[in-house]
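Structure record follows, encoded as structure tokens.
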Amino acid sequence: MTPIIQLGIGGVGRALARQIVAVAPAIRRRYGIDLRYIAIADSRGIIAGDPTVSEEQVHQILAVKEAGHGLDSMTNAITDRHWIELLPATIAIVVDVTATSEHTAPLAAAVSAGHRVVLANKRPLCDEYDLFTALTERGATRYEATVGAGLPVIGVLQGLLDTGDEVLRIEAALSGTLGFLMSALEEGSSFAEAVRKAHALGYTEPDPRDDLSGADVARKALILARTCGIPVPADAVSAESLFPPQLATVSVAEFLQRLPEAEESVMERFAAARAAGNVLRYITRITPDNIEVGLRELPADHPLAGLRGPDNMISFTTRRYHDRPMVIRGPGAGVEVTATGVLSDIIATAREL
């Protein structure tokens with residue numbers, strides 16, 4: 001049996017739980033791997049197995065969460081212990097699909113004790129550099145979904161580096177959310193309308209300011225740079241924000257209501273780009289010496305200019321892929337594809353074990 005502890009049962013977490021239940025029999029037949037939950041946790045409680053969480057219990061958890069309740073409302077919920085106390089003597093996979101930084105130190109402790117980690121949550125990898133190293137050294141943590149949702153970005157990058165290639169430049173559109181917004185503007189939507197629709201579709205982080213501030217893209221850029229071996233400090237990557245400072249501290253509900261206050265600047269830049277025959281894209285450029293994250297005008301024939309909707313594109317220019325960079329393109333947002341990226345990492349880790 002491969003024991004799994006899952007932290008987070010929000011949109012991505014619920015999609016992941018459904019996918020695990022659905023594919024577990026096939027994985028058992030194909031690889032002889034028995035994926036089993038031993039605990040599922042949210043911010044208010046933990047449901048632990050005896051010794052495993054049954055499929056029926058998983059469905060009960062999903063129903064409770066979809067009804068808007070916390071796990072502490074369930075019978076036999078654990079509310080007075082930390083998940084790390086539930087780690088078994090055998091190697092377990094701890095899966096973090098939350099959006100909080102509170103699990104960073106415990107995850108590093110789990111790795112130190114010999115367990116494995118799979119992340120959709122970017123924050124543990126964006127803390128101090130020594131924590132990034134503690135999590136990722138010796139390949140103990142897989143984190144494909146942190147950068148490209150279901151796209152094979154991290155695996156490709158690690159493959160290039162592991163085979164002795166040298167990354168010279170990474171150029172990318174790393175936010176499916178911001179790509180969706182730019183496409184919506186091109187189709188005639190206002191900025192406020194586009195953001196609200198992206199939020200309703202689940203393309204944004206729980207707080208859309210994580211996307212609109214560029215913070216989510218900055219985290220992805222930081223993870224990519226660190227994966228390349230660049231010891232970038234946690235606060236070294238700055239990003240251009242797409243909303244004014246007065247909206248930074250209000251509630252999410254109030255922010256969504258007051259979105260028209262953020263429109264003027266973005267719409268002016270969009271109009272200026274269109275008048276010049278260009279397109280507006282939120283992009284990332286990474287070199288060994290510099291990391292750039294922000295809204296930029298691009299000529300219409302630029303590869304990133306052709307992106308539409310929530311697609312991501314990432315281009316690796318390396319010593320081997322110099323004249324013709326390696327390009328990856330596909331959906332970069334959405335709970336199902338993100339959960340798929342996490343599940344792929346879980347299966348890869350289980351096969352490795």
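The values are calculated or read from the model by the stated rules, or taken from the named source; none is laboratory data. Keep in mind it's a predicted model, so treat the numbers as computed, not measured. With ideal geometry, Cβ positions are generated from the backbone for all residues, glycine too; neighbour counts draw on all protein chains shown. When the accessible area is computed, the model is the full protein with side chains, heavy atoms only, and any ligands, DNA or RNA have been set aside. Shrake-Rupley method; radii C 1.70, N 1.55, O 1.52, S 1.80 Å.
From the residues in region 80-96 that are of a type in the set (Asp, Glu) and open to solvent by 30 Å² or more (accessible area, probe 1.4 Å), which one is nearest to Gln6 (Cα to Cα)? Give the steps one after another, and end with the answer.
First, the residues of region 80-96 that are of a type in the set (Asp, Glu): 80, 85, 96.
Narrowing further to those that are open to solvent by 30 Å² or more (accessible area, probe 1.4 Å): 80, 85.
On the way: Asp80: 17, Glu85: 14 Å.
Filtering region 80-96 for residues that are of a type in the set (Asp, Glu) and open to solvent by 30 Å² or more (accessible area, probe 1.4 Å), the one nearest to Gln6 (Cα to Cα) comes out as Glu85.
Name the residue, out of Leu157, Leu151, that is part of a helix (DSSP H, G or I) and closer than 28 Å to Ala92 by Cα.
On the way: Leu151 fails: part of a helix (DSSP H, G or I).
Checking each option against the conditions leaves just Leu157.
Could you grab me the full set of residues in region 314-329 that are part of a strand (DSSP E or B) and of a type outside the set (Ser, Thr, Tyr)? I'd like the intermediate steps shown before the answer.
Going through region 314-329, the residues part of a strand (DSSP E or B) turn out to be 314-318, 326-329.
Ile314, Phe316, Met326, Val327, Ile328, Arg329 - these are the residues of region 314-329 that are part of a strand (DSSP E or B) and of a type outside the set (Ser, Thr, Tyr).
Can we say Thr141 is of a type in the set (S, T, N, Q) and within 21 Å of Thr338 (Cα to Cα)? Working first, answer last.
On the way: of a type in the set (S, T, N, Q): yes; within 21 Å of Thr338 (Cα to Cα): yes.
Judged against the criteria, Thr141 is a match.
When you check Tyr129 against the structure, is it of a type outside the set (Lys, Arg), in contact (Cβ under 8 Å) with a residue 24 or more places away in the chain and crowded, with 22+ Cβ neighbours inside 10 Å, yes or no?
So Tyr129 fails the test.
Go through region 90-130 residue by residue and tally those that are assigned to a loop (DSSP other than H, G, I, E, B) and among the hydrophobic types (A, V, I, L, M, F, W, C). Quick ask: steps written out before the conclusion?
Within region 90-130, the first condition is being assigned to a loop (DSSP other than H, G, I, E, B), and the residues that meet it are 90-92, 97-103, 113-115, 120-122, 127-128.
Checking which are among the hydrophobic types (A, V, I, L, M, F, W, C) leaves us with 91-92, 97, 99, 113, 120.
Qualifying residue count for the region: 6.
Against the condition open to solvent by less than 30 Å² (accessible area, probe 1.4 Å), in a helix (DSSP H, G or I), modelled with pLDDT of 95 or more and in contact with a strand residue (DSSP E or B) (Cβ under 9 Å, 6 or more places away or on another chain), how does Ile170 come out, does it pass?
Working: open to solvent by less than 30 Å² (accessible area, probe 1.4 Å): yes; in a helix (DSSP H, G or I): no; modelled with pLDDT of 95 or more: yes; in contact with a strand residue (DSSP E or B) (Cβ under 9 Å, 6 or more places away or on another chain): yes.
Considered against the rule, which asks whether it is open to solvent by less than 30 Å² (accessible area, probe 1.4 Å), in a helix (DSSP H, G or I), modelled with pLDDT of 95 or more and in contact with a strand residue (DSSP E or B) (Cβ under 9 Å, 6 or more places away or on another chain), Ile170 comes out as no.
Enumerate the helices (runs of 4 or more DSSP H) found wholly within region 208-313, keeping only those where 2 or more residues are over 26 Å from Val337 (Cβ atoms) and among the hydrophobic types (A, V, I, L, M, F, W, C).
263-275
Here's the yes/no breakdown for (1) open to solvent by 20 Å² or more (accessible area, probe 1.4 Å); (2) over 19 Å from Gly202 (Cβ atoms); (3) among the polar types (S, T, N, Q):
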position: Leu16; (1), (2), (3): no, no, no
position: Ile40; (1), (2), (3): no, yes, no
position: Ser54; (1), (2), (3): yes, yes, yes
position: Gln60; (1), (2), (3): yes, yes, yes
position: Ile78; (1), (2), (3): yes, yes, no
position: Leu107; (1), (2), (3): no, yes, no
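Among the listed residues Ser189, Ser183, which satisfies the condition of being surrounded by fewer than 20 Cβ atoms within 10 Å (Cβ to Cβ), of a type outside the set (Lys, Arg) and not in a helix (DSSP H, G or I)?
Values: Ser183 fails: not in a helix (DSSP H, G or I).
It is Ser189.
In region 291-308, which residue that is touching a residue at least 40 places away in the same chain (Cβ under 8 Å) and open to solvent by less than 20 Å² (accessible area, probe 1.4 Å) is nearest to the chain's Cα centre (by Cα)?
Start the filter on region 291-308 by keeping residues that are touching a residue at least 40 places away in the same chain (Cβ under 8 Å), which leaves 291, 293-295, 304, 307-308.
So of that shortlist, the ones also open to solvent by less than 20 Å² (accessible area, probe 1.4 Å) come out as 293-295, 304, 307.
Values: Val293: 17, Gly294: 19, Leu295: 20, Leu304: 21, Leu307: 20 Å.
Checking each candidate, the answer is Val293.
Output the qualifying pairs, or none if there are none: Cβ atoms under 8 angstrom, residues six or more apart or on different chains, first residue in region 270-290 and surrounded by fewer than 16 Cβ atoms within 10 Å (Cβ to Cβ), second residue in a strand (DSSP E or B) and of a type in the set (Ser, Thr, Tyr).
Nothing qualifies.
Being within 13 Å of Ile40 (Cβ to Cβ) and under 24 Å from the mean Cα position of the chain (by Cα) is the filter here, so list the residues in region 65-82 that pass it. Give the steps one after another, and end with the answer.
Taking region 65-82 first, the residues within 13 Å of Ile40 (Cβ to Cβ) are 65, 70-72, 74, 76-78.
Selection gives Lys65, Gly70, Leu71.
Just the residues that are among the hydrophobic types (A, V, I, L, M, F, W, C) and surrounded by fewer than 19 Cβ atoms within 10 Å (Cβ to Cβ), please, taken from region 112-125. Give the steps one after another, and end with the answer.
Let us first name the residues in region 112-125 that are among the hydrophobic types (A, V, I, L, M, F, W, C), namely 113, 117-120, 125.
Within region 112-125, just Ala113 meets the criteria.
With the requirement that a residue be surrounded by fewer than 15 Cβ atoms within 10 Å (Cβ to Cβ) and under 23 Å from the mean Cα position of the chain (by Cα), what does region 251-269 give you?
Matches in region 251-269: Ser251, Val252, Ala253.
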